[in-house]
Structure formats: C-alpha cells, structure tokens
1. Add -39500 (n - 2.57) for each DSSP H run of 4 or more in the chain, then divide by its residues: what number comes out at 222 nm, to the nearest 500 deg cm²/dmol?
2. Note down the nm distance, to one decimal, between modelled labels 7 Å out along Cα→Cβ at VAL69 and at ASP151.
3. Name the residue from ALA379, GLY346, ALA290 whose Cα lies farthest towards the positive end of the charge dipole of the chain, charges +1 on Cβ of Lys and Arg and -1 on Cβ of Asp and Glu.
4. Compute the signed sum of charges (Lys and Arg +1, Asp and Glu -1) over the other residues within less than 12 Å, Cβ to Cβ, of GLU406.
5. Hey, which of these cross-link pairs are over 29 Å Cα-Cα: LYS65/LYS324; LYS241/LYS373; LYS65/LYS373?
6. Report the full-extension gain for the segment ALA174 to GLU122: residue separation times 0.36 nm, less the Cα-Cα distance, to one decimal in nm.
7. Arrange LEU335, LEU128 by Cβ neighbour counts within 10 Å, fewest through most, would you?
8. Ordered by residue, what ³J(HN,Hα) values in Hz, to whole numbers, does the range 111-117 give under the Karplus form 6.51 cos²θ - 1.76 cosθ + 1.60, where θ = phi - 60° and Gly and Pro are x?
Amino acid sequence: MTRFEVGDGPQTLSAARELDAADPLSGLRDRFAVDEDELYVDGNSLGLLSTDAEDALDRVVAEWKRLGVRGWTEATPPWFTYGERLGDRLAPLVGAAPEEVVVANSTTVNIHTLVGTFYDPERGEEILVDELDFPTDHYAVRAQLRARGIDPDDALRVVESRDGRTIEEDDVIAAIDDDVGMVFLPSVLYRSGQLLDIERIAEAARRAGATVGFDLAHSVGVVPHELSEAGVDFAVWCHYKYLNAGPGAVAGLYVNDRHFGETPALAGWWGHDKETQFEMRRTYTPARSAGAWQIGTPPILSAAPLDGALDVTEAAGIETLRSKSVALTDFLVGLVDDRLPECTVGTPREAERRGGHVAIEHPEGYRVTEALKDRGVVADFRPPNVVRVCPSPYYVGFEDVFRVVERFEEVLETEAYERYDPRDGGVT
C-alpha cells in the first residue's frame, strides 16, 4: 500500500502540486469523464463515469443486440450468474468470502429483505439504530416492525447524538442490552462523515446475543472492511457513490455464511438454487449463498457499468485508495482551518473516525453551496448547515482541493451567497 504524507506545514498551492506529482493514482483521473472547467467534489452522492464503466455497458448492449435471449447463457460473462460474479469481485472490498456477497436489488429493498429475515423478536424485540441515520434506513426498519404487528415507536431504540454531528460509540455499546434483538447502523454517517468502529459494535452485539447489520453506502469503495472477520451478520450498500457505477446502479449485499440456507423474508425466483431454478418448482429452495437474497431478474444494464468500474478499483487497490482519501481529507481539513475561519469542520479529525467526505459547517450553508456551484464547484448541502465536500481519490487531486477552498473563501469574503434565496434543499 502506498502512503500519502501531507505533512504538518502550511497547506499551500505548491504543497498541493508536490503531492499530486508524487501521487501514484493520478493516472486514474484519465479514465473518468472529468470536466476540466469545474471542480467535482460530490462523488459521495454520485461518482463520475469512467471509460471502463462505459465500455462494459456498451459490451452488454452489443450482446443484447447480437444474442437476444441467448445472452443469459452465451454472453461473456453469462447474464444468468452476473450478480454472483460481481459479488465475487466485490468480496475483497468488504472482507468477505465470494459466496457471501451478491449484487442485487436496491439498497432499500435489501434493507427490507435482510432486516425482515434476521429480525427475531424472541431474541429481543427492539432494533437499535441511531439518530443520524439516513432516513431510508429508518423507513424500512419501521416498516418491517409494523409488518410484524409491532409498534415502531415502542421497538425502535434510537441512540441520540450528543452534538448533532456524531454518535458516541460508548453510547451505542451501552444501549445494547437483552431487549435489543438487532443492531442496524451505518458505517459512515451521511451528513458528518463519521466512520464508526464496525468491529467494536459487532463484538458488543454478539456478546448481547443480537444480530448486527450495517449500511455501507458511504464507505464501500473508499474504506476497506473486514465483515466476515468481525462477525457481522449482514450488510447493504449502493454502488453509485465511490464505486462510480452510475445513477440507480444495482445495489450489493453481504450475508455471513452461517446464515446460508435460511429463507429470505422477500423470497423471489432469482434467489432459488441455481441448479434447479428453471425446473419451476412450486417449493422455494434458497441458494446456499448470499445469492438467495436476490429477488427478481437482475437488471443487467444497471449492473454492467459496475463490472467496468471495478476494473478501476482493482487497479488502484482499496488500501491505496483509502490512504489517498485520508490524505485528501486531511489536506482539506487543514485548509478549512487556515482559510475559512467562519466555518467549522463537523467531521471527526482522527483519520480512523473519518470516511471519505468532509462536512464544512456554515450558518448559510445552503446559499454558500449554490454560490459555489455557480463558480464551478459541484458540492452538496445537507440541512441544517453542512456543505459536504468529497475529494474522491479516484479522480480528485490535491490542487483540486486547494482550488475548492480558494473559491469557498472568495464566496465568504465577498458575501456572494447573499444573492441566493435562503432555503433548504438537496438530494443524496
């Protein structure tokens, strides 16, 4: 793994250029559709298109055109096992065996089927979540409780934030008791970028006899994980953020092999044992792998770009990507401290507690974000006051980060944001 050393000196333009010159991943940028007239730091919402992803999609379209239905068995690779094959490639990124990972469904659907499968009120009626989760996680968990005839207001145990930005892991551990049957948390908080200690939380859940799952949407592809070693029961994630697989790309899931053979809560024919799937039996036989949690026919055109995008990730190496990401966010935090005195960094400063983006807080965060967009900086806003800046290690350099803060400083010094309507907004 290559380590990037930002150093303790001033974060200057010349320092940024020196870091870029020494960056072994700088060539990755050439594989992406980067608009050189803008600074794209929104890769934690939607990653950019790579030539690899585009070529993979074009290849599948050509196979569809040439083979028609025969593509399920004669395409390269065959579409019939596309989800499993992509799962094999993703497994090293999350620290799992190949058969424990599959590409399937959407993230929210995967939450529904996995929570629905592994929630057992006899183990403990309450499901532990946190106050700062992305809303869809709560929507799905509450829906699963209602489906069991359980009032979510009674059974959802919410760990509250002490500062409105982060969650204290000590509070999480303290909240896991005999009444908690399941723990379901994000790996990275979507607003602040705090990275939780998956291993510690999983160990606490196991000691209490609770199942434990994680939403890796804001970490997969930029933070390496060791899910199997940590004993995590299940996990879900999307591929359109750091893995750059395109808008609405098919999602991914992990199930620990000790659960193989269980019948998914949302059983569908594509999760049937592959050897007998086309015998069209009335009785469902789950595949003895994470593939059992596939539901319907995989959307091949939404999965193909991931096949190409993974070429980029594998070429770079997840450990090196993580090292560069940490260096980029270190550099960004230092610049905010030096040049944006009106702002506060809402992301933990310790690298081991930080994901791939930085939350820059300002009372006029929404209007600042809009002013930045008109100056060629594509970032995003999260209520109440956060400008999220994501220097993706795949295509963002240190000089890019310097230029982002330079334009941020200009917006604040000239009060250019005053020309924008003060309202909340934004999508993830």
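1. It comes out at -11000 deg cm²/dmol, rounded to the nearest 500.
2. Reported label-point gap for VAL69 and ASP151 is 5.3 nm.
3. Positive-most Cα among the choices belongs to ALA290.
4. Around GLU406, the surrounding residues sum to -2.
5. Violating the 29 Å Cα-Cα cut-off are LYS65/LYS324; LYS65/LYS373.
6. 16.6 nm
7. Placing the least packed residue first, the sequence is LEU335, LEU128.
8. 3J(HN,Hα) across the range 111-117, in whole Hz: 4, 4, 6, 7, 4, x, 6.
No lab work stands behind these numbers, since they all come straight from the coordinates. These numbers were taken from a predicted model, which means no experiment stands behind them. Ideal geometry is used to build each Cβ from the backbone, glycine not excepted, and the neighbour counts take in all protein chains shown.
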